[in-house]
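Read-outs throughout are calculated quantities, based only on the coordinates presented, and are distinct from any laboratory measurement. Since the model is a prediction, treat every value here as computed from it, not as a measurement. Counting neighbours? That spans all protein chains shown, and the Cβs are built from the backbone with ideal geometry, glycine included.
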Amino acid sequence: MHPITIAALAAFPPQLEAHYAAIPAEFRHWAPASWEGVPSEPFTAIEQICHVRDIEIDGYHLRFQRTLDEANPLLASIDSDILARERNYAAADPAEIFMSFRAARAKTVELLSGLDQEQFRRSAEFEGYGRLTLRSLAHYLCSHDQQHLAGLQWLLGKIEASRL
């Protein structure tokens, strides 16, 4: 695994927290009139951080483990809208979200840091992505992180525009 990807994954939790902290408190549950152009899922700020935590734990932890343990497993995509409703993201406690996410990401970084090249080459089929390797999954997770930083910046732009 390229060191820049591991470093980016490790550095993400404080970046996510800082981006969330930039959202004015009165806008953390706010949704724009249109989500057109959003670079992440169309979630409010609080929903964004819940989603990132749940995709880490329920998505990538499971995907990495199955790719390591099974021969070419089919990795399911997660319906984020259903999760948001079922887990009542709007009522989440940000401090709790960040605490559990930091622990989950530390587990991810520890796992990926301990793998050898043969393990990174293990393959799977990922719903919506096609055939890939465990290394591919790590890059997709890193990309997902960046999409959500962009989503929070996009929300900040919409918040500022709403003040006109």
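For this structure, a couple of remarks:
- Value of [θ]222 nm, deg cm²/dmol, for the chain, DSSP H segments ≥ 4, -39500 (n - 2.57) each, nearest 500: -19000 deg cm²/dmol
- Computed over segment 3-162: relative contact order in percent, which uses C-alpha pairs under 8 Å that are six or more apart: 38 percent
- On Cα atoms only, tilt of 94-113 relative to the major axis of the chain in degrees: 20 degrees
- Loop-exposed GluC sites (Glu not before Pro) per DSSP, neighbour cap 12 Cβ within 10 angstrom, longest uninterrupted part of the chain: 71-126
- Alpha-carbon centroids, segment 124-164 and segment 65-88: separation in whole Å: 16 Å
- Cα long-axis angle, helix 45-54 against the chain (0 to 90 degrees, to the nearest 10): 10 degrees
- Charges were assigned to the Cβ only: +1 to each Lys and Arg, -1 to each Asp and Glu. The resulting dipole of the chain about its Cα centre is roughly 280 debye.
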